[in-house]
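S.K.: Quick one: the structure is below, and I'll ask about it shortly.
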4 protein chains.
Amino acid sequence: MLNIAVIGAGRIGHVHARTIAGHPEARLALVCDPIGDAAEKLASTHGARAAKDAEEAFADPQVDAVIVGSPTPLHIPHLIAAAKAGKAVLCEKPIALDMADVEAAQADLDAITTPVMFGFNRRFDPSFAAVRAAVQAGRIGALEQLTIISRDPAAPPIEYVKVSGGIFRDMTIHDFDTARFFLGDIVELHAVGQNLDPAIKEAGDFDAAVVTLKAASGAVATIINNRHCASGYDQRLEASGRDGALFAENIRGTTVRLSNAEVTDAQEPYLDFFLERYADAYRLELSAFIEAVEAGTTPPTGITDAVEALRLAEAATTSARTGEVVRLVS
Amino acid sequence: MLNIAVIGAGRIGHVHARTIAGHPEARLALVCDPIGDAAEKLASTHGARAAKDAEEAFADPQVDAVIVGSPTPLHIPHLIAAAKAGKAVLCEKPIALDMADVEAAQADLDAITTPVMFGFNRRFDPSFAAVRAAVQAGRIGALEQLTIISRDPAAPPIEYVKVSGGIFRDMTIHDFDTARFFLGDIVELHAVGQNLDPAIKEAGDFDAAVVTLKAASGAVATIINNRHCASGYDQRLEASGRDGALFAENIRGTTVRLSNAEVTDAQEPYLDFFLERYADAYRLELSAFIEAVEAGTTPPTGITDAVEALRLAEAATTSARTGEVVRLVS
Amino acid sequence: MLNIAVIGAGRIGHVHARTIAGHPEARLALVCDPIGDAAEKLASTHGARAAKDAEEAFADPQVDAVIVGSPTPLHIPHLIAAAKAGKAVLCEKPIALDMADVEAAQADLDAITTPVMFGFNRRFDPSFAAVRAAVQAGRIGALEQLTIISRDPAAPPIEYVKVSGGIFRDMTIHDFDTARFFLGDIVELHAVGQNLDPAIKEAGDFDAAVVTLKAASGAVATIINNRHCASGYDQRLEASGRDGALFAENIRGTTVRLSNAEVTDAQEPYLDFFLERYADAYRLELSAFIEAVEAGTTPPTGITDAVEALRLAEAATTSARTGEVVRLVS
Amino acid sequence: MLNIAVIGAGRIGHVHARTIAGHPEARLALVCDPIGDAAEKLASTHGARAAKDAEEAFADPQVDAVIVGSPTPLHIPHLIAAAKAGKAVLCEKPIALDMADVEAAQADLDAITTPVMFGFNRRFDPSFAAVRAAVQAGRIGALEQLTIISRDPAAPPIEYVKVSGGIFRDMTIHDFDTARFFLGDIVELHAVGQNLDPAIKEAGDFDAAVVTLKAASGAVATIINNRHCASGYDQRLEASGRDGALFAENIRGTTVRLSNAEVTDAQEPYLDFFLERYADAYRLELSAFIEAVEAGTTPPTGITDAVEALRLAEAATTSARTGEVVRLVS
């Protein structure tokens, strides 16, 4: 049984608190959030304690592990403080908004010895994970082309967009990690940003993008992103290899199909909300974290994964803004 | 090159004439129909000769084969006359409206030595045929349960219904043959007739039915029929065996799928008209006939198949009317 | 919060105990089972008390509701005793092995005033429930034909088969309830039993069956059962109406599809075990029970549903054994 | 009835000859090919005349139209000669191997007044055409992202690769036209070439590629190409818009699905050969050509389309070789 503190009582904090509450091996010990009664409200739902200051989590000897769900600029400070206090850490993505912030903290990050995992939940989605496992098992021969379709149901509030670090750091970061999950090191990247929504353009961001990534292996990944999708949360991937291909399709709430005079075998819209869509993934992510902490093994998605995904997000931002290809020093 | 005469310039005569015209090994020599200028009109479309009297087809030494597409009561007389004239015959289903008519002509039918085939086009549908071939090849182990869904897009005109011999002889006859194609001899039959359309009830017929057939092998077939289907011509089957199952699905004009806020992966309605739906089947049926005639082999669907399908249609009529199970003497 | 006692620590008792444990509105208070340490083992997993004697559940004032998961011959005695003790009851299907047992207890059953619900879990499956709701909402017009495919992954142990009451009471009972859920009163029934597995035949039972049910409305339901299915737990239905059709398809663990040189878009086998396949249904069934008990409303599947399903199971047994159609007095 | 001469008795010449033979409004008058008895053999199959010299087609007053299926370097000369002779021309893609060749012939091309159409058969594929029509009709709102998957079953012979002009001119040219068909003018292009097959690398070409195209409208198209696909001829597209998405899926020979202990709903491989896969498209392309010629209207895919597709192919070649983005002067 792992006693866990959740830092940050925002949307992702709620996800983690609920996942912990439903997990047989985890106990929600503490929720920390400086704003209003956010921590109190979330903690009380699950019978946990609340605090304003994250330091309480780090200082509490009862707390075995910390989930960092604070705003992105606090990820590195919270991660380092928790690790220094000897806590295992599950940190949300992205690790930072800028590679410069990572580099500034490099010495502290390098000094971390407690287990650290990053919340790249896609890796734990049962379908994506099954495709990856089948690829690794050689089911489709050498992987040649990977296509990741990732569209949100609707854009976040414009205020969020402004502080998000941009679509590549905020949204594509998951797909960059998925690309690395399948293809390993990326050597070249090209991104086209699209401005379909004038409000997001005005906020200085893109709301859709297509990114092409060339891997050291010679394989190529394509990421197709959109902040909006009429049918819900469009999350698919295709891994195409020499001997075959594997597809992970969208998820619906039921298996119902409707046929009438206009349509046949029409299914319902995709699961709409990331909590529903990735409910299993969040649960399996937490299990993987707990398992690694308890077994003393290295968690599956470490600081390097977080840094490399951010490096790709930064390169994509540059590519989309300059219209030029970016080569990556591996 | 087989010179073929078509007897009957109705709907099915048109199908056969067109199929012959498009077939590299067949030539439409003659069309016979006693009504108005029907023969003339159909023949001229394809550069063939026309006659009022079917006797001209039988008497013509240039005619190698006859397709009997006349009204059902004329099937046996035309079949026998053509065979006596030494012609190969492809006869439409059903062989007759009553088993009594078959029995009355038994001696003449037994005396036939020219190649005779019956137009059970489903056997030549590429998907149904592929399922049958896979079953025969042992892909799903012993066949245990067969489900045939067969729904017409819309009921025929009520005047046709009145002379059709009833749903079991007119429509289900195809499915009875399909059941025999997969399961061989049937030993027991139960049919429920449904009266969903009052006009058809008034005409003394059912417009939907569910028939259960027990085969000598112990396998059971279920046929689900309806004279109406909102989505088009609903023609499917499932063959379920010890080691797996095979499905033949409906056919659409394109592979297009639509997703929006209400539906996802919605396909278009099924092909609507039997000519489109079974275009390939009619062509392959004609090829099988020509091949058998030219090779001197026995055509795949002979008089016995036609008689046995009719026997099942008659048993189903009895079962649906009496509400009782009918045992069949094999 | 409803305090629930589970009577019977067998397979279904485990399902209910686990479902209660995961339910925010329910608490597992007590597990009763007379055999060995079965109650003790199950109870301790979930921090509940255990007892050998079911009477303890009925006598305990802390217990609000009882789930009857004892062997079928005890269903009626336990149901009546619980109700007399003022407990709400969720009873497993079938209500009894024989209509005679129901009739013998009729007076006591009629006297029950506490909320009683029967565990027809299919009604709570999200896909089946969505199809039913769409039919009720008129999405496909008048319902004309219902097809229920229900195949178990593998036959139960032969010792279980011998005391199960036969395939119709043990397995088809769910499908009879589903037929009634969609079609209401059934007036006529025909069943064909199949003996594919010699061991089950020797035990005096069928291991596959096709049942045709005629509803008072004129609609017809077909149930296709098999104790064995190579691909897993095959649980589908099609509701076909005047204006369209609705389909509930099988469920897999992931959405992964594989294409290679032999197959394309191949999916994984169906969920295999009833616990997985109907996990959501058991949870929603419990929610419906709790909701009805707490709101004082009539639970959705009452004694009448249980009795009518058993009546159909008995009629099917008769039909399959005699080979005759059975008419039902409504 | 259009009398058509086919120039070139190679693979594509055979396709056109067969399509003409099966077309009710067309007659194959002449086949021209300088090599051996190629013209003779193809012509005799369809009862047409043969000639070594293409000039015979241009000179023949009986010939209404010419299909140019000669090697690519002869496309422009044959096109111009035929047009000068007053013939309507259906010319194969690409128009030339180099834009320089187009520019050198610009004056002659500009002077053409007879109907000229280019063989971009994808536009006539019923599914692609239906998606395009639905997009045009506003079914998915503003088109935002187009994804074209186009994989050949197997690479052509290495000798063909060497003279093909490279993957972008030979294979992607179709997809460039499809992108223009949906999106209109392209302003920016990025291509990644892949060398998966060493033999093709040695021949100086890529055997797989991912191309990103930015349209003037702000929409982005992604083309994913591979010379090899284990499952057959992989030809799909997704058009994603503000209000929904449309998908055109692969085509199989039957609708059969197989389920067993390892796979469920497994379909057969895709149609393998371009003649089968695009049989309908070739027929509809010819119909569109005949219709335009006979009606005196402008054929749907003219010289501009051919030139613009070539311009994109050239830009892609540059981009893939230099690793840089190419801007296009519209």
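The values are calculated or read from the model by the stated rules, or taken from the named source; none is laboratory data. Treat the numbers as computed from the prediction; the structure is a model and nothing was measured. All Cβ positions, even for glycine, are placed from backbone atoms using ideal geometry, and neighbour counts span all protein chains on display.
S.K.: In region A:180-239, which residue that is outside any strand (DSSP E or B) and basic (Lys, Arg) is nearest to the chain's Cα centre (by Cα)?
M.R.: Applying the filter and picking the extreme gives A:Arg180.
S.K.: A follow-up question, please. Counting only residues that are in contact (Cβ under 8 Å) with a residue 60 or more places away in the chain and at positive phi, how many does region A:79-130 have?
M.R.: The qualifying residues number 0.
S.K.: Filter region D:201-212 for residues that are of a type in the set (A, V, I, L, M) and either out of contact with any Lys or Arg (no Cβ under 6 Å at 6 or more places or on another chain) or at the interface with another protein chain (Cβ under 10 Å from one of its Cβ atoms) (or both) and give the result.
M.R.: D:Ala208, D:Ala209, D:Val210, D:Val211
S.K.: Sticking with this one: Find the strands (runs of 3 or more DSSP E) located wholly in region B:1-110 whose residues include 3 or more that are closer than 21 Å to D:Pro24 by Cα and either aromatic (Phe, Trp, Tyr) or in contact with a helix residue (DSSP H, G or I) (Cβ under 9 Å, 6 or more places away or on another chain) (or both), and list them.
M.R.: B:26-32
S.K.: Would you please name the residue that is nearest to the chain's Cα centre (by Cα), looking only at residues in region A:251-268 that are under 23 Å from A:Ala279 (Cβ atoms) and more than 7 Å from chain C (Cβ to nearest Cβ)?
M.R.: Checking each candidate, the answer is A:Arg252.
S.K.: Just to be sure before I move on: is A:Leu246 buried (at least 23 other Cβ atoms within 10 Å of the Cβ), within 13 Å of another protein chain (Cβ to nearest Cβ) and of a type in the set (A, V, I, L, M, F, W, C) in the structure I sent?
M.R.: yes
S.K.: Same structure again: What are the residues in region C:139-177 that are away from every other protein chain (no Cβ under 14 Å), small (Gly, Ala, Ser) and within 20 Å of C:Ala230 (Cβ to Cβ), if any?
M.R.: None; the set is empty.
S.K.: When the residues of region D:306-330 are filtered to those that are of a type in the set (Ser, Thr, Tyr) and under 17 Å from A:His190 (Cα atoms), which remaining residue is farthest from the chain's Cα centre (by Cα)?
M.R.: Taking the candidates together, the pick is D:Thr322.
S.K.: Okay, moving on. Test A:Ala59 against the stated conditions and say whether it is over 20 Å from A:Cys91 (Cβ atoms) and hydrophobic (A, V, I, L, M, F, W, C).
M.R.: Criteria not met by A:Ala59.
S.K.: Name the residues in region A:111-131 that are small (Gly, Ala, Ser), more than 17 Å from A:Pro73 (Cα to Cα) and in a loop (DSSP other than H, G, I, E, B), would you?
M.R.: A:Ala111
S.K.: Going by the structure shown, is B:Ala261 assigned by the TED database to the domain that holds B:Thr172, touching a strand residue (DSSP E or B) at 6+ places or on another chain (Cβ under 8 Å) and over 29 Å from A:Pro269 (Cβ atoms)?
M.R.: So B:Ala261 does not fit the description; no.
S.K.: Listed residues B:Gly232, B:Gly241, B:Gly253, B:Gly193; which is on the phi < 0 side of the Ramachandran plot and surrounded by 23 or more Cβ atoms within 10 Å (Cβ to Cβ)?
M.R.: Exactly one residue qualifies, and that residue is B:Gly193.
S.K.: Tally the residues that are in contact (Cβ under 8 Å) with a residue 60 or more places away in the chain and assigned to a helix (DSSP H, G or I), restricting the search to region C:292-314.
M.R.: So the answer is 14.
S.K.: If you go through region C:59-76 one residue at a time, do you hit one that is hydroxyl-bearing (Ser, Thr, Tyr) and either modelled with pLDDT of 95 or more or closer than 18 Å to C:Thr304 by Cα (or both)?
M.R.: yes
S.K.: In addition: If I filter region C:44-52 for residues that are crowded, with 22+ Cβ neighbours inside 10 Å and of a type outside the set (A, V, I, L, M, F, W, C), do I get at least one hit?
M.R.: Scanning region C:44-52, I find no residue that is crowded, with 22+ Cβ neighbours inside 10 Å and of a type outside the set (A, V, I, L, M, F, W, C), so the answer is no.
S.K.: If D:Ile167 meets every condition in (1) modelled with pLDDT under 95; (2) within 15 Å of the chain's Cα centre (by Cα); (3) aliphatic (A, V, I, L, M) apart from one, which number is that one?
M.R.: D:Ile167 satisfies every listed condition except (1).
S.K.: Report yes if some residue within region B:206-214 is surrounded by fewer than 19 Cβ atoms within 10 Å (Cβ to Cβ) and at pLDDT 95 or above; otherwise report no.
M.R.: Checked region B:206-214: no residue is surrounded by fewer than 19 Cβ atoms within 10 Å (Cβ to Cβ) and at pLDDT 95 or above.
S.K.: Restricted to region C:213-228, and to residues that are more than 8 Å from every other protein chain (Cβ to nearest Cβ) and touching a strand residue (DSSP E or B) at 6+ places or on another chain (Cβ under 7 Å), which residue is farthest from A:Val131 (Cα to Cα)?
M.R.: Within region C:213-228, the match that is farthest from A:Val131 (Cα to Cα) is C:Ala216.
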